[in-house]
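Below is one structure, written out as structure tokens; the observations come after it.
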Amino acid sequence: MTVMTAAPVLDPHVIDSRAGHAARYHALLQGELSDSAAWLGEQLQQAEALPDELPANPVELGQWTAERAAAVAGQYAQYLAERKAGAARRYFSNRAHVLYFLQHVAPTKAVDGAWLFGMLRHWADPRYHGLIRIYLEELGDGDPACNHVLIYRRLLSELGCHEQLPLGDDRYLQGALQLALGFNTEAFLPEVIGYNLGYEQLPLHLLISAYELDELGIDPQYFRLHVTIDNASSGHACKAVQALMQLWPAQGASEFYRRVARGYRLNDLGPGSATIIAEFDLEAELLVAFERKRSFGQHMHSDYCRIEGRTVNQWLAEPGSIAGFLAALQEKGWIKRGQDPADSRFWQLIDGPAAAMFGVFSPYEKQLLHDWIALSWQPRRPRHGPAKAEVSMHDEALVSALERELHDLPPQARIAYLISEMAGARHALPQGLAATRKYAQMTGLNQ
């Protein structure tokens, strides 16, 4: 089998310029590949214009990875020293800020590891085993308690962020790239290897995010897991370099490494985590959230109460009126900013099962309002989420059903069927988890 193939020739007429990243992301989740290879080639052309961080000599990659990890460790130690000396959190101003971030990166986290999906079919070639093991570990080896996508989904669920926020199109770019790479591995093998090399490097923001989430009473397990599993000594960062060397071609090494480097740079397309964190504006997000509610609530209130001479329905009838409405509530004394939100009458109307507007606002919308009212006021202790329920690894009925399906297939089709259940949109489902465990067992790649 040839390790490297030529990059596909792009046909500009194939790519529908009207299709945004979100549309392509959702199409890829459904397995609609159409022009995904051409689109991926277009993204790679954009990435090629970005700075190249990799060492000129690939032999130096191991040392380069170790030095990067050491530099990040030093920066994190400096951060911890600053915090100990009384510095404020660097990333997250409040819990609403965290919830904003978690939801805005959710499209990427929902396909964690998808760029390596295409490696699964090469289970018989030992050169691919390192990359396959990385993918299986992203899938938690089929254990729902360890599957990265499920861990992230549980985190969002515990925080009440069940429904996806309306997000900008750029939030879907990285997820679409990962899916496209996983579905087009044969044509873009060097680029997949390079993307994996970049993704598995430990970034400073991961360490700081884990620290500050914990400080705000939000479970940092997902982020801590990636800190430990991506370590440069024996983790995914180390395996990424080893995989590159194992698949190094006998001929065309210079072109191979050039393509690895541009695949690496795909990681820098679109807004990164630090950029998304910095884009948060509490009041702007609150106004957007309340504006979404305005059209639903403009006919739902009685005329008994008047605020600044207008009924609530009159306030809500006019687009763009939310800022004035909140200012009027402050003038009336219904909102007391800089104090415990429980002291504000408006908060009392929405918080608690006996509240007049119980259930009107989502947990995220309530957190926005809470933190906007509170300003610098802080509760004595962060509010921790509910205790996690135990996650069962085995569903005997499901395993039995999978065994029957495999039994009815010819031997050469069984692993292909398991692989189809391990794609980015399916591996976190019960059937996908069972298929992951069976694939690892049948290929001898279980651990």
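Every number in this text was worked out from the coordinates using simple rules, so none of it is lab data. Remember, predicted model here, so these are calculated numbers, not experimental data. Cβ coordinates were reconstructed from backbone atoms using ideal geometry, including for glycine residues, and neighbour counts include every protein chain displayed.
Before moving on, here are some points about what is shown:
- Rounded, prolate or oblate (a/c below 1.5 giving rounded, otherwise prolate when a/b exceeds b/c) for segment 283-374 by Cα gyration tensor: rounded
- Farthest toward positive dipole pole in the chain [+1 Lys/Arg, -1 Asp/Glu at C-beta], among Tyr199, Ala354, Pro411: Ala354
- Sorted fewest first by neighbouring Cβ atoms within 10 angstrom, Val72, Val260 come out as Val72, Val260.
- In order along segment 421-428, phi translates into HN-Hα couplings of 7, 9, 5, x, 8, 10, 5, 8 Hz, rounded to whole numbers, per the Karplus curve 6.51 cos²θ - 1.76 cosθ + 1.60 with θ = phi - 60° and x for Gly and Pro.
- Structure remark: mean-square fluctuation, Gaussian network model of the chain, C-alpha springs under 10 Å; the largest value among Gly31, Gly142, Gly74 belongs to Gly74.
- Using θ = phi - 60° in the Karplus curve 6.51 cos²θ - 1.76 cosθ + 1.60, the 3J(HN,Hα) couplings for segment 332-349 round to 7, x, 7, 10, 10, 6, x, 10, 3, x, 4, 7, 9, 4, 5, 5, 4, 6 Hz; x is entered for Gly and Pro.
- Calculated from backbone phi, Karplus (6.51, -1.76, 1.60) coupling profile of segment 30-36 in Hz, x at Gly/Pro: 8, x, 8, 8, 5, 9, 5
- Kirkwood Rh in Å, taken over segment 340-380 so that all alpha-carbon pairs contribute: 10.4
- Point-charge dipole on Cβ atoms (K/R +1, D/E -1) for the chain, about Cα centre, debye to 20: 860
- Computed [θ] at 222 nm, deg cm²/dmol, the chain (DSSP H ≥ 4; -39,500 (n - 2.57); rounded to nearest 500): -16000 deg cm²/dmol
- The ellipsoid equivalent to the alpha-carbon distribution of the chain has semi-axes of 44, 25, 23 angstrom, derived from the gyration tensor eigenvalues as √(5λ) and listed largest first.
- Longest segment of the chain lacking chymotrypsin sites (Phe, Trp or Tyr not before Pro) that sit in a DSSP loop with at most 12 other Cβ atoms within 10 Å: 1-303
- Among Ala440, Phe256, Leu80 the positive-end extreme of the charge dipole of the chain (Cβ point charges): Leu80
- Note on the chain: with a GNM built from Cα contacts shorter than 10 Å, the maximum mean-square fluctuation among Ala73, Ala423, Ala81 falls on Ala81.
- Unit charges on C-beta of K, R, D, E only; dipole of segment 396-443, Debye: 120
- Direction-averaged projected area, Cα convex hull, segment 209-274: 5.9 nm², rounded to one decimal.
- GNM flexibility winner over the chain from Ile307, Ile415, Ile151 (Cα, springs under 10 Å): Ile307
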